[in-house]
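The block underneath contains the structure these notes are about, expressed in structure tokens.
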Amino acid sequence: MNLLLYGAPGSGKGTQANMLRGHFGIPHIATGDMLRAEIQAETPLGREAQPILAAGQYVSDEIMIAMIRNRVRQPDCGRGFIIDGFPRTIPQAVALDTLMAELSRHFDRVLYLQVPVDELLRRLSGRLVCPLCQRTYPPGTAACEADGKTLVQREDDKVEAVRPRIEIYLSKTIPVLDHYRGEGLVSEIDGMGTIDDISRQVLAAVTAPTGKRQSA
Ligand code: AP5
Ligand code: MG
């Protein structure tokens with residue numbers, strides 16, 4: 001099972017990917033989490049990426065494509081994966097097509113979580129994350145349920161970075177959906193409702209037949 005999760009900042013990609021990981025037992029590949037791990041480890045890539053993320057802008061296609069090429073080839077991806085946060089630009093989508101063809105694999109479904117902008121702003125302003133495992137939680141949660149760490153606010157959830165994140169998503173990432181719509185792979189999911197409601201819709205969409213032509 002190979003899945004792509006799509007949606008604006010704060011639409012619930014990480015939340016639903018976590019559910020899908022538990023349900024299907026396949027890894028959750030989140031490019032934002034990978035970049036934040038590099039920043040935390042103070043690697044050269046992390047030092048380059050830190051001001052870009054803090055400003056709500058996109059890291060270069062070259063870096064992101066190399067990162068995903070390396071990650072998808074790891075042994076834990078053998079039974080499939082859930083990608084969250086990639087591709088965000090047309091060149092990234094083209095590179096991912098090439099990579100999937102090289103691996104003789106295809107996407108089973110692109111899950112597009114739709115949430116209005118005022119709700120995105122509300123969710124991002126209150127979101128808490130675990131600094132260790134990066135799981136996300138709603139406001140009021142004290143500690144991570146997986147490892148007990150005290151939760152923190154993400155640097156790019158500060159008000160000055162949130163608007164640019166939504167703007168770049170609308171200008172550069174929304175057009176990428178058309179790339180997959182042409183293949184009949186996109187399931188549009190109303191992302192408003194409880195997390196459990198959305199999870200039910202996501203699972204129903206994953207198991208529904210697609211309009212895609214049969215391929216490898
Ligand atoms: P990334 O980490 O991917 O951030 P994002 O796309 O902005 O998305 P978020 O993680 O903010 O939101 P989410 O949809 O995962 O929502 P969540 O489940 O947490 O990327 C960060 C940065 O890295 C980018 O800005 C860019 O700089 C860089 N980057 C990454 N990939 C890149 C690429 N391919 N190319 C270039 N640059 C790249 O939920 C949000 C909150 O809402 C939580 O508190 C959650 O508990 C709550 N919530 C979830 N569902 C519901 C619900 N149904 N009802 C109420 N609350 C809910
Ligand atoms: Mg996320």
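Bear in mind that the values in this text are calculations on the coordinates, not laboratory data. Predicted model only: the values in this text are computed from it and were never measured. FYI the Cβ positions are ideal-geometry reconstructions off the backbone, even for glycines, and counts take in every protein chain you see.
Residue-wise HN-Hα couplings along the range 86-102, as the Karplus relation 6.51 cos²θ - 1.76 cosθ + 1.60 with θ = phi - 60° gives them from phi, are 8, x, 10, 9, 4, x, 5, 5, 5, 5, 5, 4, 4, 4, 4, 5, 4 Hz; Gly and Pro carry x. Under a Gaussian network description of the chain, with springs only between Cα atoms under 10 Å, the residue in THR15, THR89, THR194 that fluctuates furthest is THR194.
Around GLN92, with a cut-off of 12 angstrom between Cβ atoms, what is the net charge of the other residues, counting Lys and Arg +1 and Asp and Glu -1?
Values: positive: ARG69, ARG88, LYS172; negative: ASP61, GLU62, ASP97.
Spelling it out: positives minus negatives among the neighbours equals 0.
Each other residue within a Cβ distance under 13 Å of ALA54 adds +1 if Lys or Arg and -1 if Asp or Glu, for a net charge of 0. Remark: the Cα gyration tensor places the range 1-70 in the prolate category, a/c being 1.5 or greater and a/b exceeding b/c. Please give the calculated 222 nm ellipticity per residue for the chain, where each DSSP H segment of at least 4 residues contributes -39500 (n - 2.57) and the sum is spread over every residue; nearest 500 deg cm²/dmol? The helix contribution divided over the chain gives -14000 deg cm²/dmol.
Could you tell me whether the chain comes out rounded, prolate or oblate from its Cα gyration tensor? Rule is a ≥ b ≥ c as square roots of the eigenvalues, rounded for a/c under 1.5, then prolate if a/b exceeds b/c, otherwise oblate.
Judged from the Cα gyration tensor, the chain comes out rounded (a/c under 1.5).
The region of the chain that goes longest without hitting one of the GluC sites (Glu not before Pro) in a DSSP loop, each with at most 13 other Cβ atoms within 10 Å, is 43-144. Inter-part distance, the range 166-198 to the range 71-111, computed on C-alpha centroids, equals 16 Å.
Consider a paramagnetic label point 7 Å from the Cα of SER171 along Cα→Cβ; state which residues of the range 5-23 have an amide N under 18 Å from it. Under cut-off, by backbone N: 8-9. Computed over all pairs of different Cα atoms, the Kirkwood value for the hydrodynamic radius of the range 154-216 is 14.4 Å. When you filter the trypsin sites (Lys or Arg not before Pro) in the range 107-216 for DSSP loop state and at most 15 other Cβ atoms inside 10 Å of their Cβ, you are left with LYS149, LYS158, LYS212, ARG213.
Provide the net charge surrounding TYR137, with neighbours chosen by a C-beta distance below 9 Å and charges set as Lys +1, Arg +1, Asp -1, Glu -1.
+1
On a per residue basis, the convex hull of the C-alpha atoms belonging to the range 95-162 measures out at 156 Å³.
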